[in-house]
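Below: the structure, in structure tokens.
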Amino acid sequence: MALFYPVFGSLKIIFGPFEQCLNCKKNFEENMKMMKRLSEELDSLKEDIELRISAECHAGTMQTEEVKNWLEDVQRIKSETEVIEQKAGDKKFLSGAFLGKKVEVKVVELKAFLKKGKTFLGLVKYFRYIIIGGGVAAGYAAREFDRQGLKPGELAIISKEAVAPYERPALSKGYLNPKGAARLPEFHVCVGSGGERLLPGWYKEKGIQLFLSTEIVKVNLGSRTLISAAGETFKYQTLIIATGSTVIRLTDFKIEGADAKNIFYLRELEDADELAESMKTKKNGKAVIVGGGYIGLEVGAAMRINNFDVSMIYPEPWCMPRLFTPAIAAFYESYYANKGIKIIKGTVAVGFNANPNGEVTGVKLNNGRVLEADIVVVGVGARPLTTLFKGQVEEEKGGIKTDKFFKTSMPGVYAVGDVAAFPIKLYNEVRRVEHVDHARKSAEQAVKAIKASETGKEIEEYDYLPYFYSRSFNLSWQFYGDNVGDTVLFGDNNPSSPKPKFGSFWIKDGKVVGAFLEGGTPEENKAMAKIARLQPRVENVDQLKKEGLAFASKI
Ligand SMILES: Cc1cc2nc3c(=O)[nH]c(=O)nc-3n(C[C@H](O)[C@H](O)[C@H](O)COP(=O)(O)OP(=O)(O)OC[C@H]3O[C@@H](n4cnc5c(N)ncnc54)[C@H](O)[C@@H]3O)c2cc1C
């Protein structure tokens, strides 16, 4: 064997440099490919950053000195890369020897530039469309965006809540059922209007980003910037404000003991979970409902169905005073009384007693009485969440003023749902509507308007007929139109009837403007909606009272 070593040694001396040269060429070719790929990647990153800067137009954050320098340097490195590529093409086989080191250096440089550029984008999350709020309106807006045509990555929904948009009315109804209680994912939007249920996977599939458990705490509409509680920055081209409402709390009025445990409010899923949990631990206990609006009436009924000893207190002379007439209210109050609910009207809670664990034990009334309580549910109203936008958009009627397309006074910014104060064509008046039907429809209208404006098309203006419904026990009512003027009650409003069915018309300037119906079929409810929309003249009020539903059905 030893005889061969000198032969191999000589061969290595002869062919070694040639082999090295081959390796060098191979490395060079790989580095060239890498350089080309990185250079293309840098090109598209540069384009992305430039696009965001142009989309921000009024913004400032992306246009820092650092970003400007980076963009200039990218231009330089791009030219240098092109020169290397050109030389490599000219010198063919020998280029590895001449350019190898230069290519290696360029690859390192390109990698560093890419890394830096990505940090600019990483700091700011940019979307063509952003919806703040992940409630009813947000869910219906997302569906409409999809219908109108949406590219993956264009839309983000930012929500304080931890779950994808759902039908909020379920929280005071099916969610509190003693048996077969509704739970997510059953009532994600858009089941409430008979549509497809949008599960979290739907948003993923469509490339819609859901930022859940993310609260926006700062907004600068001028620079199109949103800042979250965790410090993330979001930028958009078009914004939809869908922040809804928040409950009014008794602690806001510094009512003594109002921060005791087991005093609940109901707005979000978390609230409903806490209440449902407490209903288990305080089983068959005493519940006091503070407030005689629809939340109070629905939750009061739910607590009674769950076998709680329920008392309801409210300051007004009858329940749902903003909508119900005394006659309508009398039916529900008697019906509730028949179910064993004690209603104490003309009273307010002035304080709460608690045990040493801090749990509520009693509600002090302004007349000196104290009602025993294991659970208190407060439903004394809500206010629209507009604080973040104060001074940046025009406001009216406590909400954000919009036109018939839900465009606010700030370009590129729309407001829908509970927060929007919009013109109601039918009444020639600006109003805010805190009901689910409007949340759904306003969201769809805004998205149609946004998409139409991008293609220079026009859409029909919003022509909304106010609609609101509620359900409790076996009761179910719907209201359409405007509750102004004189009223005419009709039908069977005996609370002891096995199937009560009655209604009321509101008449203004000789025309029916509002229609309420308890216990109606879908067709009958449709007829009531039609009458409120068409506003027929009333020649004879007594005749109208006699005809009742039949009057609506023949319109
Ligand atoms: C318990 C209950 C029962 C109801 N029942 C009925 C009914 O029977 N019939 C009816 O017509 N209407 C009903 N409503 C009213 C109806 O649900 C609302 O009108 C509707 O939900 C309004 O939709 P929205 O999208 O404007 O607001 P919401 O659905 O309230 O959604 C707003 C969302 O924005 C989020 N948000 C707010 N601020 C921020 C922020 N800064 N950053 C990130 N996220 C934020 C909130 O967390 C929430 O997820 C009910 C409401 C409640 C609370």
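The values are calculated or read from the model by the stated rules, or taken from the named source; none is laboratory data. Keep in mind it's a predicted model, so treat the numbers as computed, not measured. All Cβ positions, even for glycine, are placed from backbone atoms using ideal geometry, and neighbour counts span all protein chains on display. With ligands, DNA and RNA removed, areas are computed over all heavy atoms of the protein, side chains included. Shrake-Rupley method; radii C 1.70, N 1.55, O 1.52, S 1.80 Å.
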Legend entry - segment 97-148 - residue that is assigned to a strand (DSSP E or B), buried (at least 21 other Cβ atoms within 10 Å of the Cβ) and more than 14 Å from the ligand (Cβ to nearest atom) and, of those, nearest to the chain's Cα centre (by Cα): 129
Inset, instruction - Could you pull out the residue among 204, 218 that is farther than 19 Å from residue 416 by Cβ, open to solvent by 30 Å² or more (accessible area, probe 1.4 Å), of a type outside the set (Gly, Ala, Ser) and out of contact with any strand residue (DSSP E or B) (no Cβ under 6 Å at 6 or more places or on another chain)? - result: 204
Inset, instruction - Check off (1) in a loop (DSSP other than H, G, I, E, B); (2) farther than 20 Å from residue 131 by Cα for residue 170 and give me the number that stays unchecked. - result: (1)
Inset, instruction - Please name all residue pairs, on different chains or six or more residues apart, with Cβ atoms under 9 Å, provided the first residue is in segment 448-465 and is more than 16 Å from residue 412 (Cα to Cα) and at pLDDT 95 or above and the second residue is exposed (fewer than 14 other Cβ atoms within 10 Å of the Cβ) and of a type outside the set (A, V, I, L, M). - result: 461/425; 462/425; 463/425; 464/425
Inset, instruction - Any residue in segment 430-443 that's under 10 Å from residue 418 (Cα atoms) and part of a strand (DSSP E or B): show its pairings with residues that are open to solvent by 30 Å² or more (accessible area, probe 1.4 Å) and more than 6 Å from the ligand (Cβ to nearest atom) at Cβ separation under 8 Å, as long as the two are six or more apart or on different chains. - result: 432/397; 432/398
Inset, instruction - Could you check, for segment 353-375, whether at least one of its residues is within 21 Å of residue 468 (Cβ to Cβ) and away from the ligand (no atom under 13 Å from the Cβ)? - result: no
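Looking at 349, 337, can you tell me which residue is at pLDDT 95 or above and open to solvent by 20 Å² or more (accessible area, probe 1.4 Å)?
Within the list 349, 337, the selection yields 337.
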Inset, instruction - Go through (1) under 30 Å from residue 163 (Cα atoms); (2) at pLDDT 85 or above; (3) out of contact with any Lys or Arg (no Cβ under 8 Å at 6 or more places or on another chain) and name the single condition residue 134 misses. - result: (3)
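Scan 331, 324 and give me the residue that is farther than 20 Å from residue 365 by Cα, of a type in the set (A, V, I, L, M, F, W, C) and either within 16 Å of the ligand (Cβ to nearest atom) or in contact with a Lys or Arg (Cβ under 6 Å, 6 or more places away or on another chain) (or both).
It is 324.
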